[in-house]
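Enquirer: Quick one: the structure is below, questions incoming.
The values are calculated or read from the model by the stated rules, or taken from the named source; none is laboratory data. What you see is a predicted model, and the numbers here were worked out from it, not measured in a lab. Cβ sites come from the backbone with ideal geometry, for glycine too, and all protein chains shown count toward neighbours.
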Amino acid sequence: MPDNHTSQPPSCELRFVDGSSDSFLNALAEIPAGQAKCRVWLVPSASDPTLAEEILKHAPPGFSLRVAPPDTTTPFSLPDDFSPDIALLLENNPEILSLQLINFVDVPGILVIAPLTSHHWSKRPLYLISIPKSGTHLLYELANAFGYWQGINCVHEAQPAHWYCIEYSNSHTVAKDFFVDTVRRQAFGNRHHPFMRAPALFIYRNPLDVLVSEANYYHLPGKTSFAAYLDKRSFTERLEVLLGNDWLLGSLRERIGGFIPWLHFANVAALSFEELIGNHGGGDDELQAMAIWSLQLKLHIPGRPSDYTRKLFNRDSATFNEGRIGSFAEKIPARTLARFFGLPQDFMHELGYSRPPGMFRGLLNRVLRHVAPRLLARREIAKTPAFIAELRKRPLTCSGDVFNETPITLETDYLGYNIIRLRGRFLGVPQKLGPIDLAERFDSLPDKIISENTEGWVKFRIMQRLNR
């Protein structure tokens with residue numbers, strides 16, 4: 001398995017300024033005397049080259065500035081002969097800036113100063129997705145630590161600086177449920193859903209540890225609607241039921257596999273439980289800091305990783321049991337492990353917890369499955385997923401509001417009104433008005449049409465109007 005560590009310490013920092021030359025110069029001037037970092041990597045703005053000229057001309061003494069090559073809109077490498085302490089990113093185009101920021105994911109000890117744009121965390125909502133028992137509350141704690149408010153259920157329009165579940169108040173959104181089943185029920189094929197235009201975080205975990213956590217939790221009274229289905233069974237019996245082909249709960253592979261598509265969406269930043277848990281849960285604090293630094297760069301969140309790591313691992317969580325990596329090794333009996341290795345292992349490969357089978361290894365593994373399943377687990381199951389370094393470096397990109405100019409009917413005949421979304425507004429259009437070109441007349445709508453920021457406010461105004 002590849003080594004997911006680098007030499008990057010948890011001392012990186014991200015700061016945001018208003019984007020003017022004065023704001024960048026003030027940021028440099030605020031570095032205390034005696035602590036000033038001298039080497040500055042200056043990345044010019046493609047839209048305003050004069051900004052770099054101003055900073056070069058008026059930079060405080062004690063700083064050695066080097067200007068980056070003109071084309072830094074795509075992933076770039078720092079020069080071999082220049083190891084910067086500070087990076088000044090002057091680009092105010094949010095898409096380009098986001099691509100530039102991710103270049104510093106593995107640069108040790110860097111201070112990055114960038115303009116505050118529409119991609120700043122405070123300007124966009126965030127969606128959270130989690131496999132059940134994979135660290136859901138750890139993910140919630142992280143979003144709260146970053147500063148997001150708990151929006152949870154996105155009933156109407158998603159608000160900036162709030163985190164939400166994609167559907168309802170449950171972050172355990174199976175991809176097929178949202179992209180297939182929900183599409184059948186929603187207007188316009190659900191293409192107007194704000195998830196498509198917002199960043200999301202997806203947490204996953206070693207499926208064997210998920211299995212142990214399920215068996216420790218699902219049978220407890222009041223914890224699940226199906227607790228009575230499991231509460232008369234022993235721990236080992238619960239493991240067996242949850243592992244494979246149960247009439248009610250299906251197999252572990254099916255439950256985990258429903259979430260794997262989230263790994264492949266460009267607006268979803270995937271991170272593993274093993275990265276995020278830190279030393280408290282048998283993980284690694286450096287790996288945790290690296291994961292959080294990556295998310296800071298992707299979500300434009302200021303500060304140092306250490307500002308957030310100390311706020312994680314909440315033992316008071318309602319669903320906390322043990323929260324440790326690799327507990328399956330001592331909790332799952334050899335017989336159950338043998339059954340696990342009898343399942344197709346594609347879901348383990350997809351998540352990076354085991355290697356793709358080779359012909360010789362596959363033959364050896366079939367033998368070990370029957371005679372030494374614990375040895376097989378030690379050989380094949382990775383402590384940390386193979387792809388985390390790759391996922392850390394993957395840029396986060398969201399689609400634009402491509403249907404902003406298209407009137408989308410959300411509901412018909414609500415108390416005699418049609419509810420329509422257009423250009424980020426929600427309109428209550430009286431049906432008695434008859435056909436009307438809303439796009440053409442958007443800037444001069446008739447007084448009888450109600451226009452609000454959310455669907456809920458439109459409905460409130462309709463009821464208010466009818467009760468006059």
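Enquirer: Tell me yes or no: at least one residue of region 56-64 is touching a strand residue (DSSP E or B) at 6+ places or on another chain (Cβ under 8 Å), at pLDDT below 90 and not in a loop (DSSP other than H, G, I, E, B).
Expert: yes
Enquirer: Going through region 261-288 one residue at a time, which ones are small (Gly, Ala, Ser), at pLDDT below 95 and surrounded by 17 or more Cβ atoms within 10 Å (Cβ to Cβ)?
Expert: Correct list: GLY278, GLY281, GLY283.
Enquirer: To continue, here is another question. Can you tell me which residue within region 351-381, out of those that are at pLDDT 75 or above and surrounded by fewer than 18 Cβ atoms within 10 Å (Cβ to Cβ), is farthest from LEU337 (Cα to Cα)?
Expert: Filtering first and then ranking leaves ARG379.
Enquirer: Can you pull out every residue in region 266-308 that is hydroxyl-bearing (Ser, Thr, Tyr) and either in contact with a Leu (Cβ under 9 Å, 6 or more places away or on another chain) or within 19 Å of ALA386 (Cβ to Cβ) (or both)?
Expert: Correct list: SER272, SER294, TYR308.
Enquirer: Additional query: Give the residue that is surrounded by the fewest Cβ atoms within 10 Å (Cβ to Cβ), with candidates limited to residues of region 211-228 that are part of a loop (DSSP other than H, G, I, E, B) and touching a residue at least 24 places away in the same chain (Cβ under 8 Å).
Expert: Filtering first and then ranking leaves LYS223.
Enquirer: Please name all residue pairs, on different chains or six or more residues apart, with Cβ atoms under 8 Å, provided the first residue is in region 291-303 and is under 16 Å from LEU276 (Cβ atoms) and the second residue is part of a helix (DSSP H, G or I) and of a type in the set (Asp, Glu).
Expert: ALA291/GLU275
Enquirer: Right, next: Go through region 229-277 and tell me which helices (runs of 4 or more DSSP H), entirely inside it, have 3 or more residues that are aliphatic (A, V, I, L, M) and farther than 30 Å from ARG197 by Cβ.
Expert: Counting at least 3 such residues, we get 235-243.
Enquirer: Pairs only if they're at least six apart or on different chains, beta carbon under 9 angstrom, first in region 40-60 and without any contact (Cβ under 8 Å) to a residue 24 or more places away in the chain, second in a strand (DSSP E or B); list them, first residue then second.
Expert: If the second residue must be in a strand (DSSP E or B), the pairs left are LEU56/LEU42; LEU56/LEU65; LEU56/VAL67.
Enquirer: Now for a separate question. Which helices (runs of 4 or more DSSP H) sit wholly inside region 85-198 and have at least 2 residues that are outside the structural domain of GLU214 (by TED's automatic domain parsing)?
Expert: Answer list for region 85-198: 94-101.
Enquirer: While we're here: Does LEU101 satisfy being over 30 Å from GLU452 (Cα atoms) and either surrounded by 15 or more Cβ atoms within 10 Å (Cβ to Cβ) or touching a Pro at 6+ places or on another chain (Cβ under 6 Å) (or both)?
Expert: yes
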